[in-house]
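Encoded as structure tokens, the structure appears first; notes follow it.
The values are calculated or read from the model by the stated rules, or taken from the named source; none is laboratory data. Everything numeric in this text was worked out from a predicted model, so none of it was measured. Cβ coordinates were reconstructed from backbone atoms using ideal geometry, including for glycine residues, and neighbour counts include every protein chain displayed.
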2 protein chains.
Amino acid sequence: MTTSVDLHTYLNSRREQVEAALRDVFPSNWNVPTTLREAMDYSLLAGGKRLRPIFALAAAEAVEGGSGAMARSMPFACAIEMVHTYSLIHDDLPAMDNDDFRRGRPTNHKVYGDAMAVLAGDGLLTHSFHVLASAVKLGVPAERVLAVSEELAKFAGVYGMVGGQALDMEGEQGVTSLEQLESIHLHKTSDLIAFSLRAGGHASEASEDQLRALERFGRNVGLAFQIQDDILDLTGTEEKIGKPVKSDERQEKVTYPFLIGLDESRKRVSALTQEANEALQSAGLTDPRRLYEIAEFLLTRDH
Amino acid sequence: MTTSVDLHTYLNSRREQVEAALRDVFPSNWNVPTTLREAMDYSLLAGGKRLRPIFALAAAEAVEGGSGAMARSMPFACAIEMVHTYSLIHDDLPAMDNDDFRRGRPTNHKVYGDAMAVLAGDGLLTHSFHVLASAVKLGVPAERVLAVSEELAKFAGVYGMVGGQALDMEGEQGVTSLEQLESIHLHKTSDLIAFSLRAGGHASEASEDQLRALERFGRNVGLAFQIQDDILDLTGTEEKIGKPVKSDERQEKVTYPFLIGLDESRKRVSALTQEANEALQSAGLTDPRRLYEIAEFLLTRDH
């Protein structure tokens, strides 16, 4: 057990460690074309909560309870943030959601053009598998690293995130049921968060039961997080959330509050949080405290 | 040593085996969205020479000389063709090369729209890492499979293919030197072919020296193949090569014949073929015959 520090300090410290590692993901002896490198860095180093990589680190720490877990899981954490960043770049493209702003700055293609934005996304996605493989040098067994690689391909790919985005594109004319909307969110958002928890678990050689419990925690938190996002998009202030308020409603995008109302949406967030906590309780982790705290913090946030 | 069959029969047989395996790359219990699946299959199952996957299979066979090598390297072969296919889909996009036809059929985005084409490419790329990981179930050691995964990320990513495409995009206004053009081709085309040879080698647990020799063979063949393509684009008939002749010239794309003339381009193909053969000779392979034959066949083709 580490000395107790408050959650805010923990999150800041982990975020800074992730950002330091992200600045270092491209080998210095690779001759990466300048504009491509700039375009990738523009989005990868644009700040943000670094929620997914922190979940990976926190899961590794929760399983092992020691200080080595964080370092060993860092390659996985970086890979996850790279995959998340690529998905944002591609989702923002004119052909997709056609968004001009992200985190208060022009989107990647507004700065570098559509072609370079496609390539920056492709580059980040591809390189994420290179980065995660380096965990083997930090002592994670090759079988575990390979499992993480295979699972990333599943949860970020046609089963998961890419599949969810395709459902979202197909459904834009007619998402009418909660089931349909939930399926989109589960794949677009929850799958990668669930994977983040599993990846951290693998870094600390978690058991199959622990991996499943961590995944269930991640899936529930991920869905709750997305609903919370829908709620904040309707009720937040522009300054706090970094993009025009009600942008979803203006685009006539179907959201949880639109389908079941604000009150029911809030109840759904509570119920999912409860399910997430139950999953954690069942996992038999050495030190799960941070995971509880992060979920609690995320799901009661106002921006 | 297998019974000698002629190269044509060998290539047809391997191509059919690759295509059968490609029809099976998505697990049947995954609920992949229908349109996404169709869009990926449209390009993945569109025929073609299957040059890269066949090189992987042939390299595995060359190192081991037995019949098990082909089966063990098939997951790598499929992953390579998936990565090659994704790169064609993204390269054809309006934001990139804006091509309407590929192999005599409308390009992916002309059929499924730009958004689905981006996602089909993302899906194929991501899933390729899932497919290759399955080699561990066929008896390839986890360390080797992980090496293949890491190398694919390098040769297909910002160091290799994505980097080459970015150079190509940046350079469109002003590629004037042979050095510049060669650097683009080496990364856009040769890197993935060189990787195909290495991947096959890993499947048969090749030594470091053998891997390096196979990579050098692939890099030289890959570059020669690209120059040959430039030559055929200028001299071939539309029927034979499946796209309008001189399409590169019409787009004012700089090619080898444009920079150094047809005769010098042909000499460069011969010299590279010679270098490729020397690399093979140095590799100490059990049965390198097919690799020689494939290179010879490719670099003297007329379509």
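Evaluation of A:Ala21 against the conditions (1) in contact (Cβ under 8 Å) with a residue 40 or more places away in the chain; (2) surrounded by fewer than 17 Cβ atoms within 10 Å (Cβ to Cβ); (3) more than 15 Å from the chain's Cα centre (by Cα) shows that the sole unmet condition is (2).
Residues in segment A:122-140 that are out of contact with any Lys or Arg (no Cβ under 9 Å at 6 or more places or on another chain) and touching a residue at least 12 places away in the same chain (Cβ under 8 Å): A:Asp122, A:Leu124, A:Leu125, A:Ser128, A:Phe129, A:Val131, A:Leu132, A:Ala133, A:Ser134. Restricting segment A:67-120 to residues that are polar (S, T, N, Q) and not in a helix (DSSP H, G or I), the residue that is modelled with the lowest pLDDT is A:Ser67.
So which helices (runs of 4 or more DSSP H) stay within segment A:1-65 end to end and still have 1 or more residues that are within 14 Å of chain B (Cβ to nearest Cβ)? In segment A:1-65, A:34-44 are the helices (runs of 4 or more DSSP H) which contain 1 or more residues that are within 14 Å of chain B (Cβ to nearest Cβ). Out of the residues in segment A:202-236 meeting the condition of being over 14 Å from A:Val63 (Cα atoms) and acidic (Asp, Glu), tell me which one is farthest from the chain's Cα centre (by Cα). Filtering segment A:202-236 for residues that are over 14 Å from A:Val63 (Cα atoms) and acidic (Asp, Glu), the one farthest from the chain's Cα centre (by Cα) comes out as A:Asp233. Every condition in (1) facing chain B (nearest Cβ under 9 Å); (2) in a helix (DSSP H, G or I); (3) more than 15 Å from the chain's Cα centre (by Cα) holds for A:Ser128 except the one numbered (3).
Cβ-Cβ distances below 7 Å connect the following pairs, each with a first residue in segment B:62-89 that is of a type in the set (Lys, Arg), a second residue that is surrounded by fewer than 24 Cβ atoms within 10 Å (Cβ to Cβ) and part of a helix (DSSP H, G or I), and a separation of six or more residues or different chains: B:Arg72/B:Leu138.
Being among the acidic types (Asp, Glu), facing chain B (nearest Cβ under 8 Å) and either out of contact with any Ser or Thr (no Cβ under 9 Å at 6 or more places or on another chain) or touching a residue at least 60 places away in the same chain (Cβ under 8 Å) (or both) is a description that applies to A:Glu143.
Does segment B:181-201 contain any residue that is in contact (Cβ under 8 Å) with a residue 24 or more places away in the chain, aromatic (Phe, Trp, Tyr) and either more than 9 Å from chain A (Cβ to nearest Cβ) or over 22 Å from B:Ala60 (Cα atoms) (or both)? Yes, segment B:181-201 has at least one match. Here A:Gly157 meets the list (1) within 27 Å of B:Ala133 (Cβ to Cβ); (2) within 14 Å of chain B (Cβ to nearest Cβ); (3) touching a residue at least 24 places away in the same chain (Cβ under 8 Å) almost entirely, failing just condition (3). The set of residues in segment B:167-176 that are touching a residue at least 12 places away in the same chain (Cβ under 8 Å) and either among the small types (Gly, Ala, Ser) or part of a loop (DSSP other than H, G, I, E, B) (or both) comprises B:Gly171, B:Glu172, B:Val175, B:Thr176. Regarding segment B:108-120, can at least one residue be identified that is surrounded by 24 or more Cβ atoms within 10 Å (Cβ to Cβ), among the hydrophobic types (A, V, I, L, M, F, W, C) and over 13 Å from B:Met40 (Cα atoms)? No. Going residue by residue through segment B:107-121, is there one that turns out to be charged (D, E, K, R) and in contact (Cβ under 8 Å) with a residue 40 or more places away in the chain? No; the residues of segment B:107-121 include none that is charged (D, E, K, R) and in contact (Cβ under 8 Å) with a residue 40 or more places away in the chain. Among the residues of segment A:89-101, is any buried (at least 24 other Cβ atoms within 10 Å of the Cβ), facing chain B (nearest Cβ under 8 Å) and out of contact with any Phe, Trp or Tyr (no Cβ under 8 Å at 6 or more places or on another chain)? Among the residues of segment A:89-101, at least one is buried (at least 24 other Cβ atoms within 10 Å of the Cβ), facing chain B (nearest Cβ under 8 Å) and out of contact with any Phe, Trp or Tyr (no Cβ under 8 Å at 6 or more places or on another chain), which makes the answer yes. Being more than 9 Å from chain B (Cβ to nearest Cβ) and among the aliphatic types (A, V, I, L, M): is that true of A:Val111 here? When the stated conditions are applied, A:Val111 passes them.
The one condition from (1) more than 7 Å from chain B (Cβ to nearest Cβ); (2) of a type in the set (Asp, Glu); (3) over 24 Å from B:Gly157 (Cβ atoms) that A:Glu170 does not meet is (1).
Residue by residue through segment A:199-210, note down the ones that are surrounded by fewer than 24 Cβ atoms within 10 Å (Cβ to Cβ) and farther than 18 Å from A:Ala295 by Cβ. Answer for segment A:199-210, where residues must be surrounded by fewer than 24 Cβ atoms within 10 Å (Cβ to Cβ) and farther than 18 Å from A:Ala295 by Cβ: A:Glu205, A:Ser207, A:Glu208, A:Asp209.
Taking segment B:207-265 as the region of interest, the helices (runs of 4 or more DSSP H) fully inside it that hold 1 or more residues being at pLDDT below 95 and within 23 Å of B:Ala276 (Cα to Cα) are B:208-235, B:256-260.
Evaluated against (1) touching a Ser or Thr at 6+ places or on another chain (Cβ under 7 Å); (2) within 14 Å of chain B (Cβ to nearest Cβ); (3) closer than 21 Å to A:Lys137 by Cα, A:Cys78 falls short on exactly one condition, (1).
Considering A:Gly164, A:Gly123, the condition of being within 7 Å of chain B (Cβ to nearest Cβ) and either touching a Ser or Thr at 6+ places or on another chain (Cβ under 9 Å) or part of a helix (DSSP H, G or I) (or both) is satisfied by A:Gly123 alone.
Would you say B:Asp91 is among the acidic types (Asp, Glu) and more than 17 Å from the chain's Cα centre (by Cα)? When the stated conditions are applied, B:Asp91 does not pass them.
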